[in-house]
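All remarks here apply to the structure that follows.
Every number in this text was worked out from the coordinates using simple rules, so none of it is lab data. Because the structure is predicted, anything quoted here is derived from the model rather than measured. Cβ coordinates were reconstructed from backbone atoms using ideal geometry, including for glycine residues, and neighbour counts include every protein chain displayed.
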Amino acid sequence: MATFESEELEQLVGDERLPNDKGSSTGAIDAPMMHGSLALQLQESDIDGDSDADGEAEGRKRRNRARAHTISIRRLSKAELRRGRELYPETDYWRPKTRAECVDMERPCPFVSCKYHLYIDVHPVRGSIKINFTDMEVWEMTETCALDIADRGGITLEEVGEIMNLTRERVRQVETAGLAKLAALKDVLRLKDYVI
């Protein structure tokens with residue numbers, strides 16, 4: 001291991017003072033003593049700006065979008081539910097009921113209540129509402145209909161995650177669960193011939 005004279009160490013460290021032999025510091029900063037080529041490489045990488053934190057940030061992509069927000073119907077009070085019914089009464093208006101009616105409509109789709117709309121999801125059992133894009137309005141979305149995306153054909157997990165505001169791993173998990181359900185359904189249909 002190489003050793004440096006105190007003048008060389010002061011040049012390497014700059015104005016910072018290193019602890020003396022008794023363990024007390026003569027300067028404002030208490031830094032551990034570093035010797036050798038590793039210390040020089042660390043200092044050069046800090047000067048160049050190639051620190052480990054920058055390398056990790058380049059290697060990982062961070063999500064820029066806000067996370068989805070779920071509103072549980074069970075947690076809302078009766079007063080809040082009543083106020084919601086007063087503010088937004090159920091009115092009967094025309095909306096497309098089949099894919100043929102909505103294929104040629106304007107985009108982004110204004111019908112958020114459609115089960116294929118990507119802005120919100122409603123849980124079929126609990127009735128909780130999940131707002132997928134909390135940081136944008138419906139008219140700001142580039143893709144709003146899951147059926148439009150399905151008509152285009154196969155896309156990657158990253159693209160699905162970007163469209164649905166999910167991570168790539170979560171999309172893979174959903175895909176695996178869906179394929180398992182389809183496989184189980186095929187097995188049940190094969191057994192149907194043997195059931196009386």
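For segment 135-146, backbone phi angles converted through the Karplus equation (6.51, -1.76, 1.60; θ = phi - 60°) give residue-by-residue couplings of 9, 9, 8, 4, 6, 8, 6, 7, 10, 10, 10, 5 Hz, Gly and Pro being listed as x. Taking 7 Å along the Cα-to-C-beta vector as the label spot, tell me the residue 93-residue 75 distance in nanometres, rounded to one decimal. Distance between label points: 2.9 nm.
Residue 156 to residue 101: FRET efficiency via 1/(1 + (r/R0)^6), r the Cβ-Cβ distance, R0 41 Å, to the nearest 0.05? So, using R0 = 41 Å, E works out to roughly 0.85. Sorting the segments 181-192, 137-148 by their residues' average number of neighbouring beta-carbon atoms within 10 angstrom, most packed first, yields 137-148, 181-192. Within segment 87-162, the trypsin sites (Lys or Arg not before Pro) that combine a DSSP coil assignment with at most 13 other C-beta atoms in a 10 angstrom radius are 97, 115, 126. A straight chain from residue 140 to residue 168 at 0.36 nm per residue would run longer than the Cα-Cα distance by 7.8 nm. Shown here are the Rg and Dmax of the Cα trace of segment 69-144, at 14.1, 40 Å.
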